[in-house]
Amino acid sequence: MIDILIIGGGPAGLTAAIYAARAGRTVTVCERETLGGQITQSHQVDNYPGLPRISGMELSDAFCAQAMDAGAEIAFASVESLVRNADGTFTAETDDEPITAKAVILASGARPRSMELENE
């Protein structure tokens, strides 16, 4: 059993992983696609404090490296369901293996959707 399961490996999830791991918690970040989330699609990020003119992929790589250096584990899996157990812990059923944690942070981000309009 781990202390904290973070569902989503975008900037919010990786930041949560950094803080939790630095606080001495065991942390697993569960991401189904690409670490970094939507920021990886940005050619250039100019508004991140201290890092002007960085690509979204470079920024994502830095987030991921810092989280892993702090001790966070990364699981590339899709969370299919999440249940709260009788003892107050949580079990996430993934397409790989179940993960049980004392707490869960949901940082699943967003996904752009088309309105399916002509000339959108």
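Here Asp69 fits the description: in a helix (DSSP H, G or I) and exposed (fewer than 15 other Cβ atoms within 10 Å of the Cβ).
From the set of residues in region 96-110 that are in contact (Cβ under 8 Å) with a residue 60 or more places away in the chain and in a loop (DSSP other than H, G, I, E, B), which is nearest to Ala21 (Cα to Cα)? Steps first, please.
So in region 96-110, the residues in contact (Cβ under 8 Å) with a residue 60 or more places away in the chain come out as 99-110.
Imposing the further condition that a residue be in a loop (DSSP other than H, G, I, E, B) reduces the set to 107-110.
Working: Ala107: 16, Ser108: 19, Gly109: 21, Ala110: 24 Å.
Restricting to residues being in contact (Cβ under 8 Å) with a residue 60 or more places away in the chain and in a loop (DSSP other than H, G, I, E, B), the top hit is Ala107.
Looking at Ser55, Ser60 in this structure, which one is within 18 Å of the chain's Cα centre (by Cα) and open to solvent by less than 90 Å² (accessible area, probe 1.4 Å)? Write out each step before concluding.
On the way: Ser55 fails: within 18 Å of the chain's Cα centre (by Cα).
On inspection, the qualifying residue turns out to be Ser60.
Within region 1-16, restricting attention to residues that are farther than 22 Å from Val83 by Cβ and of a type in the set (Gly, Ala, Ser), the residue that is surrounded by the most Cβ atoms within 10 Å (Cβ to Cβ) is Gly10. For region 46-73, taking the residues that are out of contact with any Gly (no Cβ under 9 Å at 6 or more places or on another chain) and of a type in the set (S, T, N, Q), the one that is nearest to Arg22 (Cα to Cα) is identified as Gln66.
The values are calculated or read from the model by the stated rules, or taken from the named source; none is laboratory data. Bear in mind that the values here come from a model prediction, so they are computed numbers and not experimental data. Glycine also receives a Cβ, built like all others from the backbone with ideal geometry; neighbour counts cover every protein chain displayed. SASA here: full protein model, heavy atoms, side chains in, ligands and nucleic acids out. Shrake-Rupley method; radii C 1.70, N 1.55, O 1.52, S 1.80 Å.
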